């Protein structure tokens, strides 16, 4: 069974900000419904923000500052939220580890991995969210994903390995030209000296990754972790025996996938490069 280290519940910056908003609203003598009406949003939006269940968007923070006469207190607070807290709560621990990792291994069977996505592709992913999310949230989520990619250009990037299913390259999210630019970006990433990219061919007759996506991390302290993500759920696995099992699985996946050299050749073929 997947486990994580037990700890007390972490209070997020969004929860603190929500309590501040609730206090500002009470001082102004407004109910949630009255504030929602003036801000031209649903009452459930105000309620969710006050409870820390929904991120306060920058444009809404500006409107609330005007309505509540809080002298940009909310807007300033939103702009100073720590980077990792721009992501859903279930993935925040992973993002913190990802940004510090010295080794990162990733297998993906549905999408281009987030660290290798173009902005266009990232927007297409979030535009396919269901239930749908507002356009502003799509932009902010896509930008947060792109910002994670700074580790690729850092002075000391982690050693990285990515294995992607060939079918992912055939699933055109967005328009065909955007998908072509995504494949061009993958081809460029494949030449990075610290990054290994491998494609798992669709016609393979053996496959160790049928259980789904997997990320393995090594921290600067040489702790080894695994991250498993599904439908709006994510689990950091810290138990050494379980992590070892996932490492064995990943090793087999690398053996079953195309070599980095053959992967580059496949990407060149998809791009029509001779």
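Every number in this text was worked out from the coordinates using simple rules, so none of it is lab data. Note that this is a predicted model, so its numbers are computed, not measured. So basically every Cβ, Gly included, is an ideal-geometry build from the backbone, and we count neighbours across all protein chains shown.
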Length-normalised contact order of the range 84-270 in % [C-alpha pairs under 8 Å, at least 6 apart]
28 percent
Calculated FRET efficiency, residue 245 and residue 206, Cβ-Cβ r, R0 22 Å, to nearest 0.05?
0.80
Selected from 174, 42, 114 as most flexible by GNM, with the chain as the system and alpha-carbon contacts under 10 Å:
42
Could you give the nm distance between label points at residue 188 and residue 150, where each point is 7 Å from its Cα heading toward the beta carbon?
1.9 nm
Each label sits 7 Å from Cα toward the beta-carbon; between residue 135 and residue 63 the label points are separated, in nm, by 1.4 nm
The chain, helix-only ellipticity at 222 nm - DSSP H runs n ≥ 4, -39,500 (n - 2.57), divided by all residues, nearest 500
-14500 deg cm²/dmol
Longest principal axis of the chain (C-alpha) makes with the long axis of helix 260-270 (C-alpha) an angle, in degrees to the nearest 10, of 70 degrees
Applying 1/(1 + (r/R0)^6) with R0 = 30 Å to the Cβ-Cβ distance of residue 252 and residue 15, what FRET efficiency is obtained, to the nearest 0.05?
0.10
Between residue 76 and residue 102, what's the calculated FRET efficiency when r is the beta-carbon distance and R0 is 45 Å? Round to 0.05.
0.80
Share (percent) of C-alpha pair distances in the chain greater than 31 Å works out to 36 percent
Everything considered on the Cα gyration tensor (a ≥ b ≥ c; rounded for a/c under 1.5, else prolate if a/b is larger than b/c, else oblate), the range 53-203 must be described as prolate
Among 239, 44, 205, which one shows the highest mean-square fluctuation when the chain is modelled as a Gaussian network with alpha-carbon springs under 10 Å?
205
How long is the gain from residue 47 to residue 180 if the chain were fully straight, where each residue apart is worth 0.36 nm and the alpha carbon distance is subtracted?
43.7 nm
Sequence of 161, 48 once ranked by neighbouring C-beta atoms within 10 Å, starting from the fewest:
48, 161
Cα-based shape type of the range 13-81, given that a ≥ b ≥ c are square roots of the gyration tensor eigenvalues and the cut on a/c is 1.5:
rounded
